[in-house]
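A short reminder: the numbers here are calculations on the coordinates, not readings from a lab. Just so it is clear, the model here is predicted, and its values are computed rather than measured. As a convention, Cβ positions derive from the backbone with ideal geometry for all residues, glycine included, and neighbour counts pool all protein chains shown.
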Amino acid sequence: MNEFTEQVLAHEWNLPFQTPRQMMIYTTFQELSTGLNYRNLRRKAIEQNDEALSTALSHIARDESAHYQFFQDGVKLYLKEDRDGTMEDIKFVLSTFRMPAHDLIPDWEHRGKVIVGQNIFSDRIFFKDIMRPILSVLGTSRRELQELGKTTPELTPALET
Ligand SMILES: [Fe+2]
């Protein structure tokens, strides 16, 4: 366990986007995804009758929800200030979105498959339970982003499926 912790901490996470607005958008999607990961992992803890772990995961998931709310409020402010520019950034961020775990967790190739296999997180879950609800709360939709993408289709692969 200690060795694993050291391996995780040995990796430095490089910010995936350059501007504060893009990072605010990225973090909105990432925080809700993180919370959902913990809630879905908690189901496994409950199945295993691990009360301590399920309680800890419940607290952590609630904490992630608060983070999500903060960043989502920030994106709403950006939309109010400059809707077109912010929409372009949302489209751009979603076109390359991936969780920090991909870069930080050792042996992600294997661990990522276990997470998908256990239905804790996957692209399908991201589209249904993360992307769709967030876009709706922000007052937009995949359709609107796809319309924006018509002039620059290379920026929207994540929106095509
Ligand atoms: Fe968080």
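Worth pointing out:
- Segment 18-159 has equivalent-ellipsoid semi-axes of 29, 17, 13 Å, by the square roots of 5 times the alpha carbon gyration tensor eigenvalues, sorted largest first.
- Dipole magnitude for the chain: about 620 debye, using +1 per Lys or Arg Cβ and -1 per Asp or Glu Cβ, origin at the Cα centre.
- Working from Cα pairs under 8 Å separated by at least six residues, relative contact order for the chain is 29 percent.
- Lysine pair count for the chain with Cα-Cα distance under 21 Å and sequence separation of 8 or more or different chains is 8.
- Cα-Cα P(r), segment 30-110, percent of pairs per 10 Å interval: 17, 32, 33, 15, 4
- Value at 222 nm in deg cm²/dmol, rounded to 500, when DSSP H runs of n ≥ 4 in the chain each add -39,500 (n - 2.57): -21500 deg cm²/dmol
- Summary of the geometry: segment 82-134 and segment 1-44, compared by the centres of their Cα atoms, lie 10 Å apart.
- Counted charge near Gln69, where neighbours are those whose Cβ lies closer than 12 Å (Asp, Glu -1; Lys, Arg +1): -2
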